[in-house]
Structure formats: C-alpha cells, structure tokens
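Undergrad: Here's a structure for you.
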Amino acid sequence: MRELTWIVDPATGDVVVEGLTTEDLSALAGDLLPASRDLNCARPLTTVPLPIASQAHGPVLRVASLYHGSVVDGPGRRSVCQLQHCTHACIGCYVPQTHSPDGGVLLGVDDVVAALLDTAGEPRDGVSITGGEPFLQPTGLLALLQRLKMHGLHIVVYTGYTLEALARRPEPEIAEALHLTDILVDGPFVARLADDAGEWRGSRNQRIVSDVRRVVDVLTTPHFT
C-alpha cells in the first residue's frame, strides 16, 4: 500500500498530495477536484520576477528563481530562494536548468533578502534555500543566512552533499552557514529512490537533519583516545 501525505495550504486552500502521480490523482478524484499539476521541492508552479541586476556593493549570489507560498520545501508555508550552479549531476534531476554556473542572475544579497521578505502580506513560516547547490556559493550563502536570521526567520537549506562531507570542508563560511541552518536536507537525488520519498525530500536517501548545529559540533570536535 502506497503511503500518501495530504497537505492543505491554509492561506489558499490548495491541496498537495505526496505519493501520487497526476494520473493516479485524476483516477482517484474523478470530477471531484479541479485539474491538478505536478510540483516538487525546487520545482514550483509559479515564480516571482527576479530583482533587476544592479551594481551590487557587498556579497552576491547567482540566483535561478524566487517564489513564495511553498508547502513542499520545508515545514509550513515558505518563501524559497533557488540558487544557480550545481556539479552533482544527479541523474533525473528535476531542475537541470540550475546546473550551469553561468545561468540565473547575479544579485546582491541585500536585493535577494528584500525580494524574499516581500510576500505582499501573505503568511510565511520561514525561508528555504535550494539549488542548484547552495554550498558552491559559500560566501554569498552565509551572508544571506545572516541577514535572514536578523529577521528571526526559520531557515531550511537543501544540499546534494552529506552533512558529514560539508563538515570536512575547510571554508569557514560553510561551518558558519551550517550553524545558522535550522533544518538541513542533505544528500544527492537518486531517481530510483524517488518513490515514497515523503514530504520535503526528492528521494528516500536524503535526510532531514533538524539538529544541525549539534551534529556539526560533534563532527568537528577532536576526539582523543
């Protein structure tokens, strides 16, 4: 028996069903529900226009897209920043357009934050950072997380690396970014493990780590015997 998860967006009344294809849902619901559309984490139904690129002063990020009101990119209803560039080359990736290092738009971090905060009064439970691969832009990522935390926002970060691999990276910005992350969804996308992955994840191998700071501290503390 396939496990289903039904998510109702309290702001719009939209229903998201995890575990069914569009064809399955149409057969199950018949004429009771309006026509459905596919979406997934990092693959929304609609995005908002990106800010106009300007002469940025300070940290920058190459951004693929921004969107609001997501109920599949972490807990609750979230604004999402999808960063550009990825080298994992996961077979069957939902968003191959985010792989190129030259795609997207290069934006100042302050402009990205302003766009994420501009929800036109709609409710929001936090911000999620997806990709692409966010940790390929560690300086800009850290600046983004620092500014979001100044606004008291709950932060989810998606990465194709494992947390253990990130903890071994030498860049101090990565360790600092991890300490500002409330939930890390880690690991590469594996297409053969996509079925029944559950909410927030693309495939079953990916982990939802909610105590990121503690795990990083354990992984980076020298152990003597």
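Per-residue answers, yes or no, for (1) closer than 25 Å to residue 161 by Cα; (2) at pLDDT 95 or above:
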residue	(1), (2)
83	yes, yes
92	yes, no
100	yes, yes
121	no, no
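To keep it simple, each residue is scored yes or no on (1) at positive phi; (2) of a type in the set (A, V, I, L, M, F, W, C); (3) under 16 Å from the mean Cα position of the chain (by Cα).
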{"site": "120", "(1), (2), (3)": "yes, yes, no"}
{"site": "123", "(1), (2), (3)": "no, no, no"}
{"site": "129", "(1), (2), (3)": "no, yes, yes"}
{"site": "148", "(1), (2), (3)": "no, yes, yes"}
{"site": "179", "(1), (2), (3)": "no, no, no"}
{"site": "197", "(1), (2), (3)": "no, yes, yes"}
{"site": "200", "(1), (2), (3)": "yes, yes, yes"}
{"site": "221", "(1), (2), (3)": "no, no, no"}
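Undergrad: Let me ask something additional. Which condition from (1) of a type in the set (Asp, Glu); (2) touching a Lys or Arg at 6+ places or on another chain (Cβ under 7 Å); (3) under 28 Å from residue 58 (Cα atoms) is the one that residue 133 breaks?
TA: Result: residue 133 passes all but (2).
Undergrad: Failed condition for residue 94, given (1) assigned to a strand (DSSP E or B); (2) more than 18 Å from residue 179 (Cβ to Cβ); (3) in contact with a Lys or Arg (Cβ under 6 Å, 6 or more places away or on another chain), with all others met?
TA: Only one criterion in (1) assigned to a strand (DSSP E or B); (2) more than 18 Å from residue 179 (Cβ to Cβ); (3) in contact with a Lys or Arg (Cβ under 6 Å, 6 or more places away or on another chain) is unmet by residue 94, namely (1).
Undergrad: A follow-up question, please. Among the residues of the range 168-194, write down those that are touching a helix residue (DSSP H, G or I) at 6+ places or on another chain (Cβ under 8 Å), in a helix (DSSP H, G or I) and over 11 Å from residue 209 (Cβ atoms).
TA: 173, 174, 175, 176, 177, 179 - these are the residues of the range 168-194 that are touching a helix residue (DSSP H, G or I) at 6+ places or on another chain (Cβ under 8 Å), in a helix (DSSP H, G or I) and over 11 Å from residue 209 (Cβ atoms).
Undergrad: Can you find a residue that is touching a strand residue (DSSP E or B) at 6+ places or on another chain (Cβ under 9 Å), assigned to a helix (DSSP H, G or I) and charged (D, E, K, R) anywhere in the range 202-224?
TA: Looking for residues that are touching a strand residue (DSSP E or B) at 6+ places or on another chain (Cβ under 9 Å), assigned to a helix (DSSP H, G or I) and charged (D, E, K, R), one finds none in the range 202-224, hence no.
So that you can scan it fast, the table gives a plain yes or no per residue for (1) farther than 20 Å from residue 53 by Cα; (2) surrounded by 24 or more Cβ atoms within 10 Å (Cβ to Cβ):
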site: 115; (1), (2): no, no
site: 122; (1), (2): yes, no
site: 131; (1), (2): no, yes
site: 139; (1), (2): no, no
site: 149; (1), (2): yes, no
site: 153; (1), (2): yes, no
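The values are calculated or read from the model by the stated rules, or taken from the named source; none is laboratory data. Note that the structure is predicted; figures quoted are calculated from it, not measured. Note that each Cβ is placed from the backbone with ideal geometry, even for glycine, and that neighbours are counted across all protein chains shown.
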